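Computed from the coordinates by the stated procedures, all read-outs in this text should not be read as laboratory data. Computed from a predicted model, the values in this text were never measured in an experiment. Note: ideal-geometry Cβ built from the backbone for every residue, glycine included; neighbour counts use all protein chains shown.
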Amino acid sequence: MYQRAEVERVLPYLFDPIAAYGIKSEVYVEDGMPKGYSDPSHGNSIFASLSDVRRAWKEADLSLVERQAVFMRFVLDDTYEDAGRQTGKQKSGARKAAERGVGKVTAWLNGEPYVDGYDSMPELAAA
């Protein structure tokens, strides 16, 4: 299951075709550090996540404003205020559009329907 944080972690690399070469794996050893035994089966899945998110970006049902807000916030690292100005929305509207966009990508990756406002649903808050 994909979590929002994992999706947000790879979004900055979404449109960089050589991004995988610049992302350090958690099992990466810096030069000069002692090398120990490394079991590749315990490595992380950052490269697979990037590939999955790239496919989800194309396939998930995001509106144009959601795509713009996600792109400006996570790829360009703009503030929500700047993203709002560019999309003709207020800061809060840009934030909501970006959150919905990331939520829709995450839901698509998990094969689930996206439920808007799921954070405020009482049965999830109690869990």
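Arg73: net charge of surrounding residues, Cβ under 15 Å, Lys/Arg +1, Asp/Glu -1, itself excluded?
Values: positive: Arg4, Arg9, Arg67, Arg85, Lys89, Lys91, Arg95, Lys96, Arg100, Lys104; negative: Glu8, Glu66, Asp77, Asp78, Glu81, Asp82, Glu99.
Its environment carries a net charge of +3.
Find out how many positive minus negative residues lie around Asn110, taking Lys and Arg as positive, Asp and Glu as negative, among other residues whose Cβ is under 12 Å from that of Asn110.
Details: positive: Arg4, Lys104; negative: Glu6, Asp52, Glu112.
So the surrounding residues net to -1.
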Inset, instruction - May I ask you to evaluate 6.51 cos²θ - 1.76 cosθ + 1.60, the Karplus curve with θ = phi - 60°, for each residue of the range 79-87 and list the ³J(HN,Hα) values in order in whole Hz, giving x for glycine and proline? - result: 6, 5, 4, 5, 4, x, 4, 5, 9
Inset, instruction - Grab the beta carbon distance between Ile18 and Asp82, set R0 = 22 Å, and tell me the FRET efficiency rounded to 0.05. - result: 0.25
